[in-house]
Amino acid sequence: MKVKVVLNEQHRLMDDQRKILNEMFESNWEIYPVPENGWKLSEMAVIADELEEGLTIFASPIPALMSILNAKKATFSAFHNDNREKKELPNGHIIMAVASDGWRIV
């Protein structure tokens, strides 16, 4: 059974995330796409049944779905990154953004 990587269609995996997935699971993983507008809670209950078997990794966090999976005692993990980068916007404001490297699965 392939590892399912939950990823919103508006997001993309970073190179570091792909590298980690390939190192840990070789080619035994696939994207489980989340529609741009997400899912309703009733839809998540059905999706949780699909994700209950095997390992699910959240690249795009969906707290309600994570909670449902937790209640089902399903196995899931998430990508995490402690690293932040300062970025200056065109208007001069400084923001902190997640770095492209330093990812891990927790």
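Here is how the numbers come out for the structure above:
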| quantity | calculated |
| --- | --- |
| Residue list for the stretch 50-81, restricted to those being without any contact (Cβ under 8 Å) to a residue 40 or more places away in the chain, under 22 Å from ARG12 (Cα atoms) and assigned to a strand (DSSP E or B) | PHE76, SER77, ALA78, HIS80, ASN81 |
| Filter pass, GLU30 being loosely packed, with under 14 Cβ neighbours inside 10 Å and out of contact with any Lys or Arg (no Cβ under 7 Å at 6 or more places or on another chain) | no |
| Top-ranked residue in the stretch 72-106 [being loosely packed, with under 12 Cβ neighbours inside 10 Å, under 19 Å from the mean Cα position of the chain (by Cα) and among the aliphatic types (A, V, I, L, M); ranked as modelled with the lowest pLDDT] | ALA97 |
| Positions within the stretch 50-67 being farther than 29 Å from GLY102 by Cβ and either hydroxyl-bearing (Ser, Thr, Tyr) or crowded, with 17+ Cβ neighbours inside 10 Å (or both), in sequence order | none |
| Hits in the stretch 1-44 - residues which are farther than 15 Å from ILE105 by Cα, part of a helix (DSSP H, G or I) and out of contact with any helix residue (DSSP H, G or I) (no Cβ under 9 Å at 6 or more places or on another chain) | SER42, GLU43 |
| Condition check for ILE47: out of contact with any strand residue (DSSP E or B) (no Cβ under 7 Å at 6 or more places or on another chain), surrounded by 15 or more Cβ atoms within 10 Å (Cβ to Cβ), outside any loop (DSSP other than H, G, I, E, B) and free of Cβ contacts under 8 Å to residues at least 60 places away in the same chain | yes |
| Residue check, LEU65 among the hydrophobic types (A, V, I, L, M, F, W, C) and out of contact with any helix residue (DSSP H, G or I) (no Cβ under 6 Å at 6 or more places or on another chain) | no |
| All positions within the stretch 24-47 that are more than 11 Å from LEU7 (Cβ to Cβ) and of a type in the set (Ser, Thr, Tyr) | SER27, SER42 |
| Residues of the stretch 62-106 that turn out to be in contact with a strand residue (DSSP E or B) (Cβ under 8 Å, 6 or more places away or on another chain), among the charged types (D, E, K, R) and over 20 Å from LEU7 (Cα atoms), as a count | 5 |
| Residues (out of contact with any Gly (no Cβ under 9 Å at 6 or more places or on another chain), surrounded by 13 or more Cβ atoms within 10 Å (Cβ to Cβ) and farther than 18 Å from LEU55 by Cα) located in the stretch 13-27 | MET14 |
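The values are calculated or read from the model by the stated rules, or taken from the named source; none is laboratory data. From a predicted model like this one, the values you see are computed outputs, not experimental measurements. Quick reminder, even Gly has a Cβ in these numbers, built from the backbone with ideal geometry, and neighbours come from all protein chains shown.
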